[in-house]
Structure formats: structure tokens, C-alpha cells
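The values are calculated or read from the model by the stated rules, or taken from the named source; none is laboratory data. This one's a predicted model, so the numbers in the text were calculated from it and none came from an experiment. With ideal geometry, Cβ positions are generated from the backbone for all residues, glycine too; neighbour counts draw on all protein chains shown. These accessible areas exclude ligands, DNA and RNA; they are computed on the full protein's heavy atoms, side chains included. Shrake-Rupley method; radii C 1.70, N 1.55, O 1.52, S 1.80 Å.
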Amino acid sequence: MMRLSKLAGGGAAIALTALSAAPAWAQAPAPALVVNKGDTAWMLVSTVLVTMMIVPGLALFYGGLTRAKNMLSTMTQIGAVACLAMLIWVMYGYTMAFGDGGNDIISGFGKAFLAGITPDSVAATFTAGVGIPEYVFVCFQMTFAAITIALVLGSVVERMKFSAVMVFGAVWLTIVYFPIAHMVWASGGLFFKMGALDFAGGTVVHINAGVSALVASLILGKRLGYPTERIVPHSLTLTGVGTGLLWVGWFGFNAGSALEANGSAALAMINTFVATAAGGLFWMLAERLNGHKGSALGFCSGIIAGLVAVTPAAGNSGPFGAIVLGAVASIICFYAVSVLKPKLGYDDALDAFGVHGVGGIVGAIGTAIVYAPSLGGPGKPDYAIGHQLTTQLIAVVTTIIWAAIGTVIATFIAKAVTGLRVSADVEREGLDLGEHGERAYNS
Amino acid sequence: MKLVIAIIKPFKLDEVREALTTVGVAGMTVSEVKGFGRQKGQTEIYRGAEYSTNMVPKIKIEVVCASDVADRVVEAVQAAANTGAIGDGKIFVLDVGQAVRIRTGETDDTAL
């Protein structure tokens, strides 16, 4: 149990909590958890850092990539869907992912509306006997749910109704995100029991969001004028600002997933530095090798690709494994976005699939390799790459199938309730005015 | 009186302005414009998607001067805006029928 919990993300914590909070009739009462104030402080900070990734981070990153007439629409969709995720999380999301009992797919509903959780409730960390307040764990995991649904929107902006975004978000979180978070991170979850490695959400967040983004954009259809008209980012300056905020926030995302202020968090931190640095530079290198100039957008995209790839590997790799992972993921994402997408002709508006989906898959599979102690990873000496690779592949493929089917259902429900897509007139005029009655820029 | 219209590369504006001041030009109008000539445009690449724009940003200068200095004005602009590369721009000279300074009501050459 503890070996597994060291490998995986936060899920084990809550399983231990369940034990520690076990009623008097439990056979062997678990030792009482002592709240560590240093760990708690770090987790409070990490949680806020992840929030910074959403608004302003992702809102600016995505907003800058859209046309000026859709800037506010993009920012508003991201902010609103994140708020929706937070409310749903405390109502029934947390209990579905990390509640009591349950099965391989979801937890029980005993903690619906945070029933039974008080300021004295403690969630375990990965060290025996050490805990953090359960409210902190609830909040930390809540920010993951919020950013994941926001990431999905990257493929469907500039044409999806605001109301459709909200309906889609509610259904998608319920049938896709909560079960996958449970499967990967909760000790009773399917992938967790298999021993799948996912330190900070390569599978749960990035593959999940990326594949869902692709499926949603396929159902929604291309933007008017794509790919013949000139549809270019309206402000790479804002995209650059968003990239910086995402990188900073990602330290909370990755190093926070250690659940403690310790060496595992430090490893996740250094990996989040160096994999990202490699990602940023190698995308530009790929551009040069393909006869283009090294571009600012390429730099930003590479940064994100590196961050995505290192997410599952953050505490599961040595620094040099992380560098290789960031570099490889960046180059593969470059080809996914610049060659694969035009060839297949789908309109993944902001490359949510090309960067998060593809980068997440490379990261999740690569984690099995860089975990090996012979490559500088933190694995035990008897670690077998081949076996772990199979486990990772099963988790990845299952996640892809689950996310794809769930997204089809969520999208069609949104279509039935709201009509899904704005009218052609609104799309031409821009969703800022058409859906929100405002302009981003008044001069 | 002549109207000299010059379309030049944006970064040549300061040099052209200096050259025109030496020739004795007292005022000019400058606009940021877009267009194309033999320099057909440029290509932008965003994440592998290529967009060729056929409009290139340029600066348009308009100077009205006395007929006898028009040639020197043209020469000054031509010399200052020249880089030898494609897209350096063009100069047009037109006749001007009348000029009035709004504040004083002065007309023609004295109004310039």
C-alpha cells in the first residue's frame, strides 16, 4: 500500500484517511494522524498556485490565441467552467473520486456535500502518521478538476455556445473526470491497484482533457473559414504572459502532488524546471529543422508540452530523465500540431489535443522508462521497465476510450439541451458580443 | 505647387524626415498604410499553419511644396529611403491647385 502510494498521486492519502477515521468497531485501529504544519502550509500554497493556472494563466494563454472578437468569450468560458467544477466538486465530485467505499470505478457517496468533514478531519500524506487537514486535500484536488475541464475547452472555443459549455462541463465532470480521477488516484481505483504511475495527472488531467477536446471538436465541427481564412492569434503577448503564469502555477500542480514539503516535492520541482526548459527550446529547434524561424508561439507551445510531459513523471523521474522526456514530447507535439492536424483536417482550435493529449500520452508512457533507477529514476533496484510499460499502456488506452465515449455522451446532451453551436452570424461577429454583449477592446 | 506622395519602408521614416528638413520642407503628413507592389507580401507561421499576407505595412508621406523645390524633395526622399532591396516604395508628384492656411487665410506658397 505505502509502496504504491509513493508511486501514485494523492489518492492514497484519502484511503488512509478512511482508515484513520474508522469507527470503533474496526479491527485494528490505525494510528492517529498528526497534522504537520509545514506540509499544510505548502499544500495551501500549492492549491493557490494551481488556481493561478486557470484564471489568469489558462485564460490568458488561450485568450491570446483566439481572435480579438472572441477574447472575452474564451476567458469567460474558462473562468465560468472552473467555478462550476468547484461547486460540483464539493457537492458530489469529491465523494465520487475520493469518498468512502465504492468500487474500481467510483467511490461511495458518503461524503456528498462534504458530509462529516470538519476542520479537524485529517487526510494522510505519503508518510505514515503524517497528515494535512482534509479541507486542504479537498481544495487541492478541486483545482485539478477545475483546470481539467477548462483545458478541454481549448479545442471548441470561438464557436460553442456559453450555455452548451456549462451543460457539457457539468456532464463531462460527472461521467468522465470523477471516475478517472478515482481510478488513477484513489487506493480503491482500477489503475491505482494495477500500479499505474501518474504523479500529478498525466492521465487524469492531460490525456483525459486532450482526448475529450479532440472528440468534442470533431462533433462540433470546424470554425467558419477554417482552414482557408486567416485565423491567427490576436495577442501572442497575452499568450506569453499566460505561459509564464502556467509554468509558475505548475509547481503547485506537480510539487504539490507530493502532498508534503519534502524531497519528493523537491524532485518534482527540479523536474518541472528542467523538462519545461527542454520543451521550450526543442520546439523551436524542431521549427528550425523544418525550415522555419524559431517562433515565440513555438517557444510557448514547447513550454506547455514540456510541462504536460513531466506531469506524470514529476516525482517519478530523475532530472535528466525529465529533460529527455520534455525534449521528446516537445518534438512529437510539434509534429502532431503542424503535420498531423492539417493532414487529418480537424479543427482543434488551440491545440488542446495536439499539446495536452499527445504530450500527456508521451509523458505517461515515458514515465515507465524514466522511473528506472538505471536511468536516474527513483524506482527500486528490481524495477522492470517492460512490466510497468504494459501497465502504463493499459491505463492510457483505457483512459482514451473512457474519455472519448464520455465526451460523446456529454456533447450530445449539451447539443440536445442548448443547440451546442452559435449561429453563423454570431460566429462571424464574434462570441464576445454575440454571447456576452461586451467587447474585449474598446478604442 | 506640387504634392509629393512617397510610400516608404516604415523604418526609413526618420531618415526621410531629416533629409526633407535639410531641403527646407516645413511640414508633412505621415500615415501608416498597408499595400503591395512587387513585394507581394509576407508569410506568417503559427504552429505550422502558414498564412501569407499580401499586404505589407508601409508609411505614406505627403508633402506640398513650391514647384521649384519639388525636384529636390523627390531626390531627397529617393536618396534617404533607398535600401536597394525590393519594397523600398514609390514617389508620386501631383499638381496642386490651391493652398490655404486656415488660421490666417494666407494662400498658395505663403500658406505652405
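Observations on the structure shown:
- None of A:Thr390, A:Thr398, A:Thr411 is in a helix (DSSP H, G or I), over 20 Å from the mean Cα position of the chain (by Cα) and of a type in the set (Ser, Thr, Tyr) except A:Thr390.
- Matching residues, region A:140-171, being touching a Lys or Arg at 6+ places or on another chain (Cβ under 8 Å) and open to solvent by 10 Å² or more (accessible area, probe 1.4 Å): A:Lys161
- Some residue of region B:68-82 being surrounded by 14 or more Cβ atoms within 10 Å (Cβ to Cβ), in a strand (DSSP E or B) and either more than 14 Å from chain A (Cβ to nearest Cβ) or of a type outside the set (D, E, K, R) (or both): no
- Within the set A:Ala322, A:Ala352, the sole residue that is among the small types (Gly, Ala, Ser) and more than 14 Å from chain B (Cβ to nearest Cβ) turns out to be A:Ala322.
- Top-ranked residue in region B:43-60 [being assigned to a strand (DSSP E or B) and basic (Lys, Arg); ranked as surrounded by the fewest Cβ atoms within 10 Å (Cβ to Cβ)]: B:Lys60
- Only one of the numbered conditions (1) open to solvent by 10 Å² or more (accessible area, probe 1.4 Å); (2) not hydroxyl-bearing (Ser, Thr, Tyr); (3) not in a loop (DSSP other than H, G, I, E, B) is violated by A:Trp89, and that is (1).
- Scope region A:414-425; condition surrounded by fewer than 16 Cβ atoms within 10 Å (Cβ to Cβ) and part of a helix (DSSP H, G or I); matching residues: A:Ala416, A:Val417, A:Ala424, A:Asp425
- When A:Glu260, A:Glu229 are checked against the criterion of being more than 15 Å from A:Ala313 (Cα to Cα), of a type in the set (Asp, Glu) and modelled with pLDDT of 95 or more, a single residue qualifies: A:Glu260.
- The residue list B:Gly89, B:Gly84 contains one member that is among the small types (Gly, Ala, Ser) and closer than 30 Å to A:Glu229 by Cβ, which is B:Gly89.
- Selection status of A:Leu245, surrounded by fewer than 23 Cβ atoms within 10 Å (Cβ to Cβ), within 12 Å of chain B (Cβ to nearest Cβ) and touching a residue at least 12 places away in the same chain (Cβ under 8 Å): no
- Some residue of region B:19-42 being in a helix (DSSP H, G or I), touching a residue at least 40 places away in the same chain (Cβ under 8 Å) and open to solvent by 80 Å² or more (accessible area, probe 1.4 Å): yes
- Residue pairs whose Cβ atoms lie under 6 Å apart, separated by 6 or more positions or on different chains, with the first residue in region A:276-299 and more than 9 Å from every other protein chain (Cβ to nearest Cβ) and the second outside any helix (DSSP H, G or I), are A:Met284/A:Gly294; A:Arg288/A:Gly294.
- Selection status of A:Ile219, more than 25 Å from A:Leu393 (Cβ to Cβ), open to solvent by less than 50 Å² (accessible area, probe 1.4 Å), among the β-branched types (Val, Ile, Thr) and not in a helix (DSSP H, G or I): no
- Residue count for region B:85-112 under the criterion of being on the phi > 0 side of the Ramachandran plot, assigned to a loop (DSSP other than H, G, I, E, B) and surrounded by 13 or more Cβ atoms within 10 Å (Cβ to Cβ): the result is 1.
- Matching residues, region A:211-236, being away from chain B (no Cβ under 14 Å) and β-branched (Val, Ile, Thr): A:Val211, A:Val215, A:Ile219
- Flag if A:Phe353 is aromatic (Phe, Trp, Tyr) and surrounded by 22 or more Cβ atoms within 10 Å (Cβ to Cβ): yes
- Any chance A:Val408 is modelled with pLDDT of 95 or more, surrounded by fewer than 16 Cβ atoms within 10 Å (Cβ to Cβ) and hydrophobic (A, V, I, L, M, F, W, C): yes
- Any hit, region A:120-128, residues being part of a loop (DSSP other than H, G, I, E, B), surrounded by fewer than 24 Cβ atoms within 10 Å (Cβ to Cβ) and free of Cβ contacts under 8 Å to residues at least 40 places away in the same chain: yes
- Near pairs, Cβ below 7 angstrom, 6+ apart or cross-chain, from region A:97-117 (touching a residue at least 60 places away in the same chain (Cβ under 8 Å)) to any residue that is among the small types (Gly, Ala, Ser) and open to solvent by 60 Å² or more (accessible area, probe 1.4 Å): A:Ser107/A:Gly101
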